[in-house]
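For reference, the structure discussed in these notes is given below.
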Amino acid sequence: MNPGDAQVNVLMLSPGFPDEMVWFTEGLAQVGATVFGVGEQPGGTLPRRCRDALDAYLQVPSLWDEDAIVERVLTEARAGNIRFARVECLWEPLMILAARLREALDVPGLTVAETVPFRDKEVMKTVLDEAGIRTPRHASCRDEAECRAAAERIGYPLIAKPIAGAGSADTHRVDDAADLDRVLPLIAHVEEISIEEFIEGREFTFDSVCADGDVLFHNISWYRPRPLIARTVEWTSPQTIALREPQMPPLEDGRAMGLAVLEALGFKTGFTHMEWFLTESGEAVFGEIGARPPGARSVEIMNVASDLDLYRGWAEAVCHGRFSQPIERRYNAAIIFKRAEGEGRIRVVEGLDTLMARIGQHVTAVDLLPVGSHRRNWKQTLMSDGHIVLRHPDLDTCMELADKVGTDLRLVAGEPATGAPA
């Protein structure tokens, strides 16, 4: 906080969950904000770093009862004579609640109407279609008949995924009508489905920190392999690489599209995370965008790539309208997620010592489940059974190092085979 900065009261929704929210809450405190948290967790169970960053905390029975939350917060604000300057939420499911609170408290930021295009993928793509941005052909469907009709109109292969959602959960590639028959029962629980053209190509991100409509920081990351494959093929070790040179010529159309998307959606202040495709022909095609940071430790690799603190940088942008840290893109930074082989508890980690002896000088973090831990359900979490973060100035070398983590490091679960050493 600079001596001339005004005092800023910030209402932070769910400051202790998911885990990354703690770091963003801490960032607000570091730039001098007075932070008021609202969440379901008892205050005493919040991580200490979170508790230390909060000036006050309101525990509520449920964050999903929006009417009750708005009424409770209004009552508390009036009783304490508190005037909020910002309402912040970086967790996708609570975006509409945050917008309702801004409207009720008369606080700047995304309104409900402005938030909907970030949550509803069909509205999102319709807005961008009208702005002349290349999106996959798409349709919103509420039942099997609508899905079948949309599939015939759009053509195969296609993607079926929830209209409102984050990540690749409940996302399926559909290659023909018979495949659609297989997929429809798997997504029957989803209220509204987006049926859209399947785009063949590499998948990248465009991430930004903005203040008052200005992009103060941006990043492009590369998913290896693309998330749909990572979510459906168990043996992969998914990677995300924050690229040292987001301005490289093959990515320029995607970067320009990212800026155009922010303008079309009227985004002004905060963190955004966009995904897009680069086809073999060099065409950039929009995927989707959230008015939030990426998950799965992607902010961490952005920090590692440029020796930044984006948690603090985001907080400075939303509270004071600036990003004062120097941005020096020194490295490509990769996070590699590991999945244990077998079922049950992890009994051995193979290859870590050898790997660290060879590439340890490039590794910035090792976070693997310890031996004895039960392996996680890889279909439910990209974080899987742990990860390694590494960096290198040269992209090809960074990719080679990341691939070595994928091939040379093994976590093995379950009982050893008969006669095999434990």
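The values are calculated or read from the model by the stated rules, or taken from the named source; none is laboratory data. Bear in mind the structure is a predicted one, so any value in this text is a computation, not a measurement. So basically every Cβ, Gly included, is an ideal-geometry build from the backbone, and we count neighbours across all protein chains shown.
Annotations
- Note on region 191-231: residues that are more than 30 Å from Glu152 (Cα to Cα) and outside the structural domain of Pro250 (by TED's automatic domain parsing) amount to 0.
- Checked against the criteria, Ser237 counts as part of a loop (DSSP other than H, G, I, E, B), touching a Leu at 6+ places or on another chain (Cβ under 9 Å) and buried (at least 19 other Cβ atoms within 10 Å of the Cβ).
- Where strands (runs of 3 or more DSSP E) fall wholly inside region 264-369, the ranges with 2 or more residues that are over 23 Å from Thr381 (Cα atoms) and either assigned by TED's automatic domain parsing to the domain that holds Ala230 or among the basic types (Lys, Arg) (or both) are 270-278, 284-290.
- Test for Thr418: is it of a type in the set (Ser, Thr, Tyr), at pLDDT below 95 and not assigned by TED's automatic domain parsing to the domain that holds Asp170: yes
- Per the listing Glu200, Glu252, the residue uniquely of a type in the set (D, E, K, R) and in contact (Cβ under 8 Å) with a residue 12 or more places away in the chain is Glu200.
This table checks each residue for (1) within 20 Å of the chain's Cα centre (by Cα); (2) among the hydrophobic types (A, V, I, L, M, F, W, C); (3) under 22 Å from Phe36 (Cα atoms); (4) assigned to a loop (DSSP other than H, G, I, E, B).
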| residue | (1), (2), (3), (4) |
| --- | --- |
| Leu101 | no, yes, yes, no |
| Ala104 | no, yes, yes, no |
| Pro108 | no, no, yes, yes |
| Pro117 | yes, no, no, no |
| Ala150 | no, yes, no, no |
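- Residues in region 23-53 that are among the aliphatic types (A, V, I, L, M) and surrounded by 22 or more Cβ atoms within 10 Å (Cβ to Cβ): Leu28, Val31, Ala33, Val35, Val38, Leu46, Ala53.
Quick grid of which residues meet (1) outside any helix (DSSP H, G or I); (2) out of contact with any Phe, Trp or Tyr (no Cβ under 8 Å at 6 or more places or on another chain); (3) not basic (Lys, Arg):
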{"position": "Met12", "(1), (2), (3)": "yes, no, yes"}
{"position": "Gly27", "(1), (2), (3)": "no, no, yes"}
{"position": "Val35", "(1), (2), (3)": "yes, yes, yes"}
{"position": "Gln41", "(1), (2), (3)": "yes, no, yes"}
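- Test: residue in region 90-98 that is in contact with a helix residue (DSSP H, G or I) (Cβ under 7 Å, 6 or more places away or on another chain) and over 30 Å from Val73 (Cβ atoms): no
- For region 51-86, a residue qualifies if it is in a helix (DSSP H, G or I) and within 13 Å of Leu13 (Cβ to Cβ), and the qualifying residues are Glu66, Ile69, Val70, Arg72, Val73.
- Met399 in contact (Cβ under 8 Å) with a residue 40 or more places away in the chain and either in the same structural domain as Phe24 (by TED's automatic domain parsing) or assigned to a loop (DSSP other than H, G, I, E, B) (or both): no
- Tally, over region 185-207, of residues that are under 20 Å from Asp120 (Cα atoms) and not in a loop (DSSP other than H, G, I, E, B): 9
- Flag set for Ile346, criterion: surrounded by 15 or more Cβ atoms within 10 Å (Cβ to Cβ), aliphatic (A, V, I, L, M), farther than 30 Å from Leu308 by Cβ and in contact with a strand residue (DSSP E or B) (Cβ under 8 Å, 6 or more places away or on another chain).
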